Each structure stands twice: as C-alpha cells, then as structure tokens.
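Below: the structure, in structure tokens.
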Amino acid sequence: MTVPETGSSRVKRGLAEMLKGGVIMDVVTPEQARIAEDAGAVAVMALERVPADIRSQGGVARMSDPDLIDAIIAEVSIPVMAKARIGHFVEAQVLQALDVDYIDESEVLSPADYVNHIDKWAFNTPFVCGATNLGEALRRINEGAAMIRSKGEAGTGDVSEATKHIRKISSEINVLRSMTKDELYVAAKELQAPYELVLEVAETGKLPVVLFVAGGVATPADAAMMMQLGADGVFVGSGIFKSGNPEARAAAVVKATTFYDDPSVVAAVSRGLGEAMVGINVSDLAAPHRLAERGW
Amino acid sequence: MTTNLRSESLDAGHPAEAGPRVGVLALQGDFREHAHVLAKLGADVSLVRRPEELAAVDGLVIPGGESSVMDKLARTFGLQEPLKRAIEGGLPVYGTCAGLIMLADTVLDAIAGQQSLGGLDVVVRRNAFGSQNQSFETDLAIPALGDRPVHAVFIRGPVVESVGAAATPLATLDDGRVVAVEQGNLLGTSFHPEITGEHRFHEYFLGKVLARLDG
C-alpha cells in the first residue's frame with residue numbers, strides 16, 4: 001500500500017474534470033449560494049461583490065471576508081471557489097487555510113503584483129486562472145494552474161470578449177496541430193510558453209487542463225454558444241443575480257449548458273426568464289476599465 | 001458548428017467488428033473520459049441524455065461529476081423513470097463517484113430533495129472525505145481484478161458506509177471503509193479509473209454487458 005497523496009496534479013486537475021458540462025455561479029451571500037445549488041450549479045464562486053458591482057463601485061477589490069466564505073461553505077455541499085488577487089500569495093494561503101475547494105487567481109480583483117503570478121505548485125488547493133489566449137493559458141499552467149477559464153470581460157453582460165477569447169485559444173491550438181516539430185520551437189518562443197507544454201498541446205489538440213469560459217455570459221443561449229465553441233463548462237458571474245429572476249435564469253443556464261447542441265431545449269428554457277442583466281457594451285469601456293487586460 | 005475542442009471521435013481505435021452498445025450518461029461530468037476508455041476496449045459507445053438514447057444501449061456508465069446536478073437534470077428531462085426501470089430490468093450499469101451515489105439505495109449528506117436511482121443495496125455518504133484539500137490518490141488491493149493494485153483517485157468522493165445483504169464489497173481503504181461494490185449487473189466505485197488509465201473496472205463491467213447479451 002502506498003501512502004495516500006493529496007494535492008497532486010491529478011487530484012487537482014481531477015476536480016475540474018468532474019465539473020465539466022456544468023455551470024459555476026458567482027454568489028455573494030449564503031442565500032444566493034443556496035439558490036445556485038438548488039438550480040443545479042456544479043460549484044459556486046464566493047465573493048463580496050459580483051464583477052458588475054466592482055465595476056460600478058470602483059476602488060480596490062480584494063479577497064472576500066473569511067466569515068462570508070465560511071458561511072457559504074457551511075450553506076452548500078457543492079464545491080466552493082474563492083478569488084485571490086493576481087500575485088497575492090498570502091490571500092491564496094488564507095483561502096487554502098479556509099479550506100475552499102478551488103482558488104481563482106482573478107483579474108476581476110485588483111492585481112497585487114504587476115510582474116509575477118502566484119507560484120501555484122506551492123499549494124495543496126488547486127487554482128483556476130484566466131487567459132485571453134493560448135500563451136497566457138500555458139504560462140498559467142506552467143505556474144501550476146489546474147484549470148483555465150477564458151476571461152471574457154467580467155461584469156458587462158457582453159459576451160463578445162468571451163467569444164473572442166475561446167475562439168482565439170481554439171484557433172491557436174489548431175495552428176499548433178498543423179506544425180512540424182521544428183516549427184513548434186518557434187511557436188513556443190512566440191507564445192512565450194514552455195516548449196514541453198506547446199508540444200503536448202500540438203500532440204493532443206487540447207489544453208492539458210479543463211477549459212471553462214467566463215465573462216459576460218448572461219443568457220442560456222450565451223452559455224450554449226460557449227459550449228458549441230468548445231468550452232468544457234461555463235462561469236456565470238453577474239449574469240444570474242443581477243437579473244430579474246435569478247432562480248429561473250440559473251436553472252435555465254444549467255439546462256442550456258447540458259443540451260447546448262439542441263436548439264429546441266435552449267429555446268424552451270429561454271422563455272419567460274424576465275429581465276437579463278442590464279449590461280455594458282465592452283466597446284464603450286475605456287481601456288483602464290477592461291479587466292481582461294490584467295494578467296501577464 | 002465551428003471547430004470543437006472536444007470533437008475527437010469517440011470511436012478512435014475502434015475494431016472492425018462492432019462491440020456491445022454501451023452508453024455513458026452525459027448530463028454533466030467526465031463522461032468523455034469514460035467514453036474514450038470504453039471505445040478503446042472495443043465498445044460501440046454513445047452518449048445518453050434522452051430516454052430514446054438509453055433504450056438503444058446494452059449497458060450504461062454513470063460518470064463522475066456532481067450527483068445533485070445529474071439527479072436534477074435526469075428528472076427534468078424525463079430520464080429518471082426510464083433509468084430506474086432499466087436498472088430494475090437488469091441493465092448492467094457502472095457508476096463512478098457521482099455515479100455510485102446515483103446507484104445507491106440510500107444517500108447521506110445529499111442536498112435537500114436530492115434523489116438517487118437506487119439498485120445497489122448500500123448506504124453511501126456524499127463528500128465523505130471533506131473538501132478538495134482532502135482529495136487524494138492511493139493504491140488499492142482489489143483481488144477481483146487480479147494481483148496488480150489499482151491506482152485510485154478520490155475527488156471529493158463518497159464512501160459506502162454500509163453494505164446490505166444483496167451487495168458485495170470489492171475494495172476497502174486501509175481504515176476499512178468500503179470504496180467499491182458490486183451487486184448483480186451493477187458496479188460502483190468511489191474513485192475514478194477513467195482518469196488514471198486503469199481499464200480493468202471497465203473490462204470487468206463490459207464482461208457483465210457481454211454475459212447478459214449472450215445469456
């Protein structure tokens with residue numbers, strides 16, 4: 001008998017594998033966490049303000065109060081994720097001590113380090129990180145991320161950036177698949193990513209970890225489109241609890257994510273959901289307010 | 001549809017002769033990993049999300065994932081009753097992790113209103129090891145599968161708290177907790193052979209499917 005091993009890559013990446021085909025919902029209270037679990041969320045992201053509020057209220061956005069995270073963990077039995085600032089390894093240590101199931105090193109919060117990301121190999125708790133392209137995804141994986149989410153533009157309800165990022169990652173993977181080995185050395189240089197990871201992607205045709213989509217998903221059709229574009233699952237941030245009927249919308253997004261390729265189901269679940277979140281067009285956002293550009 | 005990152009063919013490496021028709025419940029979870037293992041072993045694999053898809057298979061795998069979500073979707077989309085009838089009718093079914101929870105007659109620490117399909121005469125506790133920080137991998141001795149130990153990955157996994165008279169334990173942890181059971185054509189594991197390259201549980205399950213087809 002071997003000694004049981006926790007925190008291995010397989011165990012960390014494994015939880016993300018089990019979340020596939022599911023919806024992870026942002027929640028700011030235990031009551032919202034209960035609604036999310038009852039609606040069929042596979043996990044919840046515990047935070048103090050959803051991205052739409054971070055955006056409208058401004059200021060420095062930080063890790064949530066441990067009391068809030070504890071209360072949400074106590075409320076639900078599905079996995080609970082929580083966000084640390086980019087590069088803020090002590091916030092991550094705190095989240096690990098709070099026994100969250102996944103740590104999101106997130107551009108939605110104000111970065112704590114404009115050069116370095118967290119060394120995620122140093123943790124027992126797995127990390128999910130955002131990426132806008134393949135090189136960024138592979139740099140995060142190289143640092144120990146066990147799951148990637150494409151960034152989109154959080155808190156807007158505008159899905160166009162999410163579309164751009166998942167398409168970008170897919171097309172960059174397709175380009176690698178067509179390359180010869182000598183071309184892959186140059187590709188690694190251009191992607192600013194380790195050659196071994198570039199080679200692995202070229203051979204397998206996919207990222208070595210699960211890839212979810214996030215940022216601006218607000219409707220069942222948005223979620224189904226992300227799945228058709230190749231996402232393994234969907235994060236919905238402000239889109240649920242900033243809408244007119246969170247219970248109904250949350251359940252509808254879950255169903256549309258499972259039956260993403262069946263327009264009759266997506267049509268049926270899209271009926272009578274009330275107001276979607278108001279939304280901001282990403283093109284109307286001044287560059288300093290674009291969260292997706294955080295991360296290096 | 002545009003290029004899909006997950007569109008690798010399910011029947012890669014499929015032998016010329018069609019194997020038994022095995023479905024993988026594809027409501028949520030790691031169903032593609034199961035589909036790949038089964039296809040490698042020669043099964044004619046399909047994904048099952050609707051009653052008519054269930055009717056077309058000779059065996060079913062319920063994957064890892066979130067059991068409360070699978071239960072909810074199975075009921076919403078009219079799959080719960082057909083699944084129960086198929087299990088009662090003797091359909092071979094293998095459940096991993098969430099799939100074991102779905103097959104258990106009694107589930108502890110379920111969410112409010114959560115239902116299981118039943119079939120296995122066992123009491124299963126959901127999330128029995130705690131949070132993800134307690135998820136682990138280890139080797140298990142499983143005599144039914146031969147001398148070589150099975151490398152097992154537990155991801156917020158359940159354990160079988162008690163095994164009824166009709167069910168048989170297949171594997172235990174060092175502390176004696178049961179993590180694999182079998183009962184007739186039903187098989188359940190707390191862990192995930194589909195993500196470790198371990199194929200013996202799937203082979204064992206396909207043996208049940210083939211025996212029922214021959215019989």
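The values are calculated or read from the model by the stated rules, or taken from the named source; none is laboratory data. All of these numbers come straight from a predicted model, not from anything done at the bench. Positions of Cβ are generated from backbone atoms using ideal geometry, with glycine treated the same way; all protein chains shown enter the neighbour counts. Calculation scope for accessible area: heavy atoms of the full protein, side chains included, ligands and nucleic acids excluded. Shrake-Rupley method; radii C 1.70, N 1.55, O 1.52, S 1.80 Å.
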Derived scalar couplings ³J(HN,Hα) [segment A:134-148; Karplus, 6.51 cos²θ - 1.76 cosθ + 1.60; whole Hz; x for Gly, Pro]: 5, x, 5, 4, 6, 5, 5, 5, 4, 7, x, 4, 9, 7, 10
Rounded to whole Hz, the Karplus (6.51, -1.76, 1.60) HN-Hα couplings of segment B:192-199, x for glycine and proline: 10, x, 5, 10, 10, x, 8, 10
Roughly how big is chain B's charge dipole about its Cα centre, with Cβ charges of +1 (Lys, Arg) and -1 (Asp, Glu), in debye to the nearest 20? 440
If amide H atoms are built 1.01 Å from N in the plane of the peptide, which residues on other chains or at least 5 residues away come under 5 Å of the amide H of B:SER46? B:VAL22, B:GLY23, B:VAL24
Aspartates and glutamates near A:LYS181 by alpha-carbon distance under 20 Å, same-chain residues fewer than 8 away left out - which ones? A:GLU172, A:GLU190, A:GLU196, A:GLU200, A:GLU203
Which lysines does A:LYS12 reach when only Cα atoms under 29 Å apart count, and residues fewer than 8 places away in its own chain are ignored? A:LYS20, A:LYS83, A:LYS120, A:LYS151, A:LYS164, A:LYS168, A:LYS189, A:LYS206, A:LYS255, B:LYS40, B:LYS72
With θ taken as phi - 60° and the coefficients 6.51, -1.76 and 1.60, list the Karplus ³J(HN,Hα) couplings across segment A:214-220 in order, rounded to whole Hz; mark glycine and proline as x. 9, x, x, 6, 10, 9, x
Accessible area per residue, 1.4 Å probe, Å², for chain A: what's the number? 37
Between the residues B:VAL69, B:LEU170, B:THR189, the Cα farthest towards the positive end of the dipole of chain B, that dipole coming from +1 and -1 charges on the beta-carbon of Lys, Arg, Asp and Glu, is from B:VAL69
Roughly speaking, what % of Cα-Cα pairs in the protein assembly as shown are separated by over 32 Å, rounded to a whole number? 39
Residues of B:133-143, mean number of Cβ from any other protein chain within 10 Å of their own Cβ, rounded to a whole number? 6
Counting only other chains, what is the mean number of Cβ atoms within 10 angstrom of the Cβ of each residue in peptide A:18-31? 4
Using only atoms on other chains, find how many Cβ atoms lie within 10 Å of each Cβ of peptide B:149-158 and report the average. 4
Skipping prolines and chain starts, which residues have an amide H placed within reach, meaning under 5 Å, of the one on A:SER77, given they are 5 or more residues away or on another chain? none
Total charge dipole magnitude, the protein assembly as shown, about the Cα centre, Cβ charges on Lys, Arg, Asp, Glu only, Debye to nearest 20: 700
Net charge contributed by nearby residues that have their C-beta within less than 12 Å of B:LEU73 (K/R +1, D/E -1): +3
Which value, in debye to the nearest 20, gives the size of the charge dipole of chain A about its Cα centre, when Lys and Arg are +1 and Asp and Glu are -1 at the Cβ? 520
Mean Cβ-within-10 Å packing, highest first, puts peptides B:54-63, A:5-14, B:166-175 in the order B:54-63, A:5-14, B:166-175
Where B meets A: accessible area buried, both sides, 1.4 Å probe, Å²: 4200
So how much accessible area does A:SER160 have, in Å² to the nearest 10, using a 1.4 Å probe? 50
Taking every other residue with Cβ under 11 Å from the Cβ of A:GLU172 and scoring Lys and Arg +1, Asp and Glu -1, one gets +1
Putting +1 on Lys and Arg Cβ atoms and -1 on Asp and Glu Cβ atoms, find which of A:SER160, A:ALA122, A:GLY58 reaches farthest to the positive end of the dipole of chain A. A:SER160
Rounded, prolate or oblate: which fits segment A:116-256, taking a ≥ b ≥ c as square roots of the Cα gyration tensor eigenvalues, rounded meaning a/c under 1.5, else prolate when a/b beats b/c? prolate
How would you classify segment A:1-158 from its alpha-carbon gyration tensor, with a ≥ b ≥ c the square roots of the eigenvalues: rounded for a/c under 1.5, else prolate if a/b is greater than b/c, otherwise oblate? rounded
Net charge over other residues, Cβ less than 12 angstrom from the Cβ of A:SER77 (K, R count +1; D, E count -1): -2
Highest average packing first - A:88-99, A:239-250, A:56-67, Cβ atoms within 10 Å: A:239-250, A:88-99, A:56-67
Does chain A come out rounded, prolate or oblate by the C-alpha gyration tensor, with a ≥ b ≥ c the root eigenvalues, rounded set by a/c under 1.5 and, if not, prolate when a/b is larger than b/c and oblate if not? rounded
The convex hull of the Cα atoms of segment A:125-185, divided by residue count, gives a volume in Å³ per residue of 80
If you restrict to DSSP beta bridges whose two residues both lie in the protein assembly as shown, what percentage is antiparallel, to the nearest 5? 30
